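What follows is a single structure, written as structure tokens, with notes after it.
The values are calculated or read from the model by the stated rules, or taken from the named source; none is laboratory data. This structure is a prediction, so every number in the text was calculated from the model and none was measured. Backbone-built Cβ (ideal geometry, glycine too); neighbour counts: all protein chains shown.
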Amino acid sequence: MSTTRPLRIGIVCPYSFDAPGGVQFHVRDQAQALQARGHEVSVLAPADEDQPVPDVVVPAGKAVAVRYNGSVARLTFGPRASRRVRRWIEAGGFDVLHLHEPMVPSLSMLALWLAEGPVVATFHSAQVRSRALQVAHPLLRQSLEKIAARIAVSEDARRTLVDHVGGDAIIIPNGVYLDDFERALPHPRWQGTPDAPTIGFLGRLDEPRKGLQVLTAAVPAVLERFPGARFLIAGRGDDGAAEAVAALGAQASALEFLGGISDEDKGAMLSSVDLYVAPQTGGESFGIVLVEAMAAGAGVVASDLGAFRRVLDEGAAGALFRNEDSADLARVVVASLEDREGTATRRQYAAGWCRRYDWSTVTDQVEAVYEMAVAAGEATPGRSETWLPVRALRNRGEGSES
Amino acid sequence: MSWAETTLLVVAAAIVVLALSWVRASRLDRLHRKVAASRIALDAQLVRRASAATDLATSGLLDPASSVLVADAAYAVFDAEGAAVTPEDALDMAGLGGDRERLESALSATLREALDGPQEVGELRGTLAGEAFVANLAATWYRAQLARRFHNEAVAQAQRARRHGWVRALRLAGRAPVPHTVELDDLMPAGLGAPGPGGAAQTER
């Protein structure tokens, strides 16, 4: 459905590619998706000269670990970085600049400060207000006003933006390559039967935020109704596994620990299990794994975090339970396993619903945003050719005075 | 204080005031240009949407009554006054004009009625030509929504800048007209397969 002409797109990522993170993955996949559509893409990201990076990435110098806003982040800044950003912008001759997290004091903020043409910005985090940002706000405001189009990746990110920065943003979610998950073949070893269903969990085992302990506490009640049920637990973290085993005692044999699994196995697991449970207790701004599970065809049961509720279309695409409430989780799991028809309906709905998170849909939307930003940029009347800018306006009001 | 000292102070103060005004004025000027630019982009996109609607109406894929009504609503948009194609127009009149806004909203409402229900749209999309017309309408419509959001964002920024004390006291905005947001109903039909949240579920794909 896209009719976009090929554009020269400059994308700036504030975080280093040597550390895995949501923003980096997003930038990498987005660059790839845009290239596949015939656009010319260059990504500027913090990286050493000798650090291996994807082809599309232009290294902007080493990221330095600094304390910022209460935690340590690896960012790139300073005059050398500024020079590199300037050179990259000049050499690129971009039709549009796409900056990720321009409020994070790193490359994106520098690029925004230096940018002249159409700028699109994406806000990812539901970040807390920083005092330093407030102090610097008068300096940043001028920069922020250069942004032609603001994108938030989720409702939560949009809220943060509205509350802390002011102004609004359109929501374009993170993209997921769904095809791999839709095509994933089930693995017989992980498939259940009506009497011995399989229930999957994915995530770090020793990170309480991922909620393994919530699931563990729900296991006995599920086993009471389905004695043959198996729980497939994928993810790293030996301490978490030991804790779960200790908590369950004799019933721990219902747990099967798969360790860290490859993307391929993840797809296979999600398409094999009867139910995928996401008991995360907080800190999730989106929920990519839920989308992957929907695409793979797993029935989804998730905690009722705001982000999850929205990804599951308020429960139409997957069942929700009260966050951190193991009894409610057990109830919902048992109900979903008993009501196979209802679960199948939700799964069917989810298969269509989750397409909106596919990169093909997301890229359509991003291209539309670029087009509008470029259109406004091309229409910009008389780009500051008067020495005293105010004159242009005065004239407009008074007609002939000059 | 000697006469020379006083003069020096006055001159210094004047320079400070002038410099601050210049900064404020250039910011205001930049924001006004941004408003004008996004206004032109929005205008062009709304016209594209109307012409996509006309294409669909004249394709023979809709029922005759819907065809006539959609075409009529779209032509009304073409004929409406207040199109801003040059920067001067755009700077002169920042809003879209009440008439135009009503007509655009009416086009949205008519299209929503004509494309009511995902099933109907699904059938339309069943044919190759139908898919092309509907996809074009969806694409131009979505872009019009974006353009309006971006324009209103720019207007809000300009309005904020104009409210600033310095700007008001020194009348830095001159007689440049106050920019207005564009308010119109551009909610997409549920079945159009609008990309993204806020739009419809894309079950027909």
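Things to note:
- Residues (under 23 Å from the mean Cα position of the chain (by Cα) and part of a strand (DSSP E or B)) located in segment A:41-64: A:Val41, A:Ser42, A:Val43, A:Leu44, A:Ala45, A:Ala47, A:Val57, A:Val58, A:Pro59
- Residue check: A:Val72 meets all listed conditions (1) part of a strand (DSSP E or B); (2) buried (at least 18 other Cβ atoms within 10 Å of the Cβ) but one, namely (2).
- Matching residues, segment B:170-198, being at positive phi and modelled with pLDDT of 70 or more: B:Arg171, B:Gly174
- Filtered by the rule that a residue be touching a helix residue (DSSP H, G or I) at 6+ places or on another chain (Cβ under 7 Å) and among the β-branched types (Val, Ile, Thr), segment A:94-128 gives A:Val96, A:Val119, A:Val120.
- Any hit, segment A:332-341, residues being surrounded by fewer than 23 Cβ atoms within 10 Å (Cβ to Cβ) and more than 27 Å from A:Arg189 (Cβ to Cβ): no
- Per-region count, segment A:5-31, residues out of contact with any Asp or Glu (no Cβ under 9 Å at 6 or more places or on another chain), in contact (Cβ under 8 Å) with a residue 40 or more places away in the chain and over 19 Å from A:Ala81 (Cβ atoms): 4
- Taking the conditions (1) more than 16 Å from A:Ala148 (Cα to Cα); (2) free of Cβ contacts under 8 Å to residues at least 40 places away in the same chain; (3) among the small types (Gly, Ala, Ser) in turn, B:Ala156 satisfies each one other than (1).
- Per-region count, segment A:127-156, residues among the small types (Gly, Ala, Ser) and either modelled with pLDDT of 90 or more or surrounded by 22 or more Cβ atoms within 10 Å (Cβ to Cβ) (or both): 4
- Taking segment B:16-44 as the range and being in contact with a Phe, Trp or Tyr (Cβ under 9 Å, 6 or more places away or on another chain) and within 26 Å of B:Val77 (Cα to Cα) as the test, the residues that pass are B:Ser38, B:Ala41, B:Leu42.
- Considering segment A:4-36, and only residues there that are touching a helix residue (DSSP H, G or I) at 6+ places or on another chain (Cβ under 7 Å) and within 14 Å of chain B (Cβ to nearest Cβ), the residue that is farthest from B:Arg143 (Cα to Cα) turns out to be A:Ala33.
- Close Cβ contacts (under 8 Å, 6 or more residues apart or on different chains) running from residues in segment A:339-367 that are in a strand (DSSP E or B) to residues that are of a type outside the set (Phe, Trp, Tyr) and surrounded by fewer than 21 Cβ atoms within 10 Å (Cβ to Cβ) comprise A:Asp358/A:Asp179.
Yes/no per residue for (1) at pLDDT below 90; (2) surrounded by fewer than 18 Cβ atoms within 10 Å (Cβ to Cβ); (3) away from chain B (no Cβ under 14 Å):
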| site | (1), (2), (3) |
| --- | --- |
| A:Ala295 | no, no, no |
| A:Ala316 | no, yes, no |
| A:Leu320 | no, no, yes |
| A:Ser326 | no, no, yes |
| A:Ala330 | no, no, yes |
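- B:Val167 being surrounded by fewer than 20 Cβ atoms within 10 Å (Cβ to Cβ) and at pLDDT below 85: yes
- Taking strands (runs of 3 or more DSSP E) as the structural unit, those lying wholly within segment A:209-324 and holding at least 2 residues that are farther than 27 Å from A:Asn174 by Cβ correspond to A:230-234, A:255-259.
- Exclusive hit being outside any loop (DSSP other than H, G, I, E, B), closer than 23 Å to A:Gly287 by Cβ and under 27 Å from the mean Cα position of the chain (by Cα), set A:Asp156, A:Asp206: A:Asp156
Residues are listed down the side, and each one gets a yes or a no for (1) modelled with pLDDT of 85 or more; (2) of a type in the set (Lys, Arg); (3) touching a helix residue (DSSP H, G or I) at 6+ places or on another chain (Cβ under 7 Å):
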{"residue": "B:Gly60", "(1), (2), (3)": "no, no, no"}
{"residue": "B:Leu96", "(1), (2), (3)": "no, no, no"}
{"residue": "B:Ala106", "(1), (2), (3)": "yes, no, yes"}
{"residue": "B:Leu115", "(1), (2), (3)": "yes, no, yes"}
{"residue": "B:Ala135", "(1), (2), (3)": "yes, no, no"}
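- Some residue of segment A:100-111 being in contact with a strand residue (DSSP E or B) (Cβ under 6 Å, 6 or more places away or on another chain), in the same structural domain as A:Leu133 (by TED's automatic domain parsing), surrounded by fewer than 24 Cβ atoms within 10 Å (Cβ to Cβ) and of a type outside the set (Ser, Thr, Tyr): no
- If the condition is being surrounded by fewer than 17 Cβ atoms within 10 Å (Cβ to Cβ), of a type in the set (S, T, N, Q) and within 30 Å of A:Leu139 (Cβ to Cβ), then segment B:22-62 contributes only B:Ser26.
- A:Thr193 meets the conditions (1) crowded, with 16+ Cβ neighbours inside 10 Å; (2) under 17 Å from A:Leu337 (Cβ atoms); (3) β-branched (Val, Ile, Thr) in every case but one. The failed one is (1).
- The number of residues in segment A:29-69 being over 16 Å from A:Glu101 (Cβ atoms), touching a Gly at 6+ places or on another chain (Cβ under 7 Å) and buried (at least 20 other Cβ atoms within 10 Å of the Cβ) comes to 1.
- When A:Ala121 is tested against (1) touching a Lys or Arg at 6+ places or on another chain (Cβ under 6 Å); (2) part of a loop (DSSP other than H, G, I, E, B), exactly one condition is not met: (2).
Table: residues versus (1) in contact (Cβ under 8 Å) with a residue 60 or more places away in the chain; (2) aliphatic (A, V, I, L, M).
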| residue | (1), (2) |
| --- | --- |
| A:Gly192 | yes, no |
| A:Ile199 | yes, yes |
| A:Pro208 | yes, no |
| A:Leu212 | yes, yes |
| A:Phe231 | no, no |
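- Qualifying position, being farther than 30 Å from A:Gly200 by Cα, crowded, with 22+ Cβ neighbours inside 10 Å, touching a Phe, Trp or Tyr at 6+ places or on another chain (Cβ under 7 Å) and within 12 Å of chain B (Cβ to nearest Cβ), among A:Ala169, A:Ala121: A:Ala169
- All conditions but one from (1) buried (at least 18 other Cβ atoms within 10 Å of the Cβ); (2) within 19 Å of the chain's Cα centre (by Cα) apply to B:Ala173; the one that does not is (2).
- Any hit, segment B:128-146, residues being surrounded by fewer than 22 Cβ atoms within 10 Å (Cβ to Cβ), assigned to a loop (DSSP other than H, G, I, E, B) and more than 21 Å from the chain's Cα centre (by Cα): no
- Among residues of segment A:190-203, those that are in contact with a helix residue (DSSP H, G or I) (Cβ under 8 Å, 6 or more places away or on another chain) and either part of a helix (DSSP H, G or I) or among the acidic types (Asp, Glu) (or both), counted: 1
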